[in-house]
Amino acid sequence: MEEIKKIRVLQTIRQGKIGGGESHVLDLVRYLDKSLFEPVVLSFTDGPMITSLTQLGIPAHVIHTEKAFDIKVWRKVKQLLKEQRIDIVHVHGTRANTNVLWAARTLGLPVIYTIHGWSFHDSLPAWNRKARILAEKFITQHTRLNITVSDSNHQTGLRVFGHFKSLVVKNGVNLDKFNRLGEYPDIKALYGIPAHHLVIGYIVRITEQKDPLGMLRAYATVCSNFPDLTLLMIGEGDLKAAAVRLAGDLGISGRVVFDNFRQDVPAVLNAVDIYCLPSLWEGFPIGVLEAMAMGKAVIASDVDGTREAVEHEVTGLLVPPKNETALAAAIERLIKDRALRSSLQENAGRCVKANFDVRDMTHKIETVYQQMLAPLQD
């Protein structure tokens with residue numbers, strides 16, 4: 001019997017640090033059907049994702065650059081595509097796309113572009129936003145297929161570019177890893193958080209997009225009314241130092257635990273009672289789905305893809321972005337209303353299991369790969 005030639009797919013992403021897009025890539029390569037596909041990963045910086053890929057036995061390569069449209073690395077990328085005999089290139093995010101597109105197109109390889117949230121958000125200076133719109137319009141027109149992770153991102157593409165085509169495939173969660181019935185170490189004890197404290201979790205990159213300073217100011221308001229409360233801020237980013245300073249200025253340093261990113265996110269979530277993500281914009285937030293999978297009560301900003309992940313007052317609470325008063329009120333509401341908190345937790349766990357299993361997401365993407373190469377295999 002003739003052996004089926006496996007499809008070699010290059011997954012490429014801008015960095016090796018663990019965030020939403022990187023978790024997406026890790027889960028995708030983990031669950032791809034290895035009897036049909038051979039995944040290879042290219043990252044443009046090193047980091048924990050590369051270590052995780054090595055442990056999974058997935059070939060991972062790093063070609064270092066931290067710039068978009070970095071012509072100096074394009075030939076290296078082309079060389080890698082040839083050496084690895086790649087059939088399909090799947091890029092995740094704008095920066096990775098700008099450094100792979102030329103090489104893939106010169107070799108006649110189909111490029112799939114997953115947009116994990118648009119790069120041209122409203123808080124940018126006008127010139128920068130315009131430049132990013134032009135760049136995104138160019139690269140989305142030169143790929144074989146665009147995938148958006150939310151209906152909202154698809155609609156934004158239509159509105160901003162005029163002509164835009166994409167397939168919507170919403171993100172999924174690894175339910176084997178994020179298992180709310182699993183056994184986990186006592187993270188509260190590890191951080192010296194009193195056992196009777198309610199824990200608010202903020203587990204993301206500490207950057208402008210995730211509004212960490214607004215999170216702290218809202219939490220400080222709540223702190224003054226509820227003594228048995230701790231905020232766990234897990235992550236790194238360019239606003240980390242400012243966040244630590246602000247906690248001191250607000251007089252709540254003793255009520256906030258800061259730590260860098262951890263690999264055992266399910267264990268951290270297990271210790272959390274209320275998960276907060278006060279983002280200014282989102283593609284389709286994997287962090288929110290992970291918290292929901294772990295049966296946590298979620299409070300998140302009513303933006304982009306987040307409102308497609310969280311149904312207000314059913315699977316979580318939605319608050320307006322950059323509204324510290326509304327965020328504080330939502331936290332206080334969940335502290336006081338145990339019945340609501342419990343109902344949100346139950347509904348969140350059920351919702352993710354039914355709608356956002358990473359296996360279902362992977363099957364949809366596998367179908368795309370096969371359809372893309374079908375004309376070449378006839």
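The values are calculated or read from the model by the stated rules, or taken from the named source; none is laboratory data. If you're wondering where the values come from, they're calculated on a predicted model, not measured in any experiment. Backbone-built Cβ (ideal geometry, glycine too); neighbour counts: all protein chains shown.
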How about the stretch 290-333: which of its residues are in contact with a Ser or Thr (Cβ under 6 Å, 6 or more places away or on another chain) and either of a type in the set (Asp, Glu) or assigned by TED's automatic domain parsing to the domain that holds Ile115 (or both)?
Asp304, Glu308
Please determine, by comparing only the residues of the stretch 291-300 that are touching a strand residue (DSSP E or B) at 6+ places or on another chain (Cβ under 7 Å) and touching a residue at least 40 places away in the same chain (Cβ under 8 Å), which one is nearest to Asp122 (Cα to Cα).
Val298
In the set Ile88, Ile71, which member is within 28 Å of Met361 (Cα to Cα) and either in the same structural domain as Gly20 (by TED's automatic domain parsing) or within 23 Å of the chain's Cα centre (by Cα) (or both)?
Ile88
Being touching a strand residue (DSSP E or B) at 6+ places or on another chain (Cβ under 9 Å) and over 21 Å from Val169 (Cα atoms) is the filter here; which residues of the stretch 108-124 pass it?
Leu109
Of the residues Val268, Val272, which single one is under 30 Å from His92 (Cβ atoms) and not in a helix (DSSP H, G or I)?
Val272
Any idea how many residues of the stretch 249-285 are closer than 15 Å to Gly235 by Cα, buried (at least 21 other Cβ atoms within 10 Å of the Cβ) and at pLDDT below 95?
0
Within the stretch 95-110, residues within 10 Å of Ile71 (Cα to Cα) and surrounded by fewer than 17 Cβ atoms within 10 Å (Cβ to Cβ) come out as Trp102
Check the stretch 212-226 and report whether any residue there is surrounded by 19 or more Cβ atoms within 10 Å (Cβ to Cβ), in contact (Cβ under 8 Å) with a residue 12 or more places away in the chain and under 15 Å from Ala267 (Cα atoms).
no
Against the conditions (1) closer than 27 Å to Thr94 by Cβ; (2) in contact with a helix residue (DSSP H, G or I) (Cβ under 6 Å, 6 or more places away or on another chain); (3) not polar (S, T, N, Q), where does Gly287 fall short? Just the number, please.
(2)
When you scan the stretch 294-378 for helices (runs of 4 or more DSSP H) that lie fully inside it, which ones turn up with 3 or more residues that are touching an Asp or Glu at 6+ places or on another chain (Cβ under 7 Å) and either of a type in the set (A, V, I, L, M) or farther than 26 Å from Asp228 by Cα (or both)?
358-377
Here is a check on your reading of the model: is Asp176 among the charged types (D, E, K, R), surrounded by fewer than 21 Cβ atoms within 10 Å (Cβ to Cβ) and over 30 Å from His363 (Cβ atoms)?
no
Restricting attention to the stretch 333-353, does a residue exist that is surrounded by fewer than 21 Cβ atoms within 10 Å (Cβ to Cβ) and under 18 Å from Val149 (Cβ atoms)?
yes
Strands (runs of 3 or more DSSP E) enclosed by the stretch 1-84 - at least 3 residues per element that are β-branched (Val, Ile, Thr) and touching a strand residue (DSSP E or B) at 6+ places or on another chain (Cβ under 9 Å)
7-13
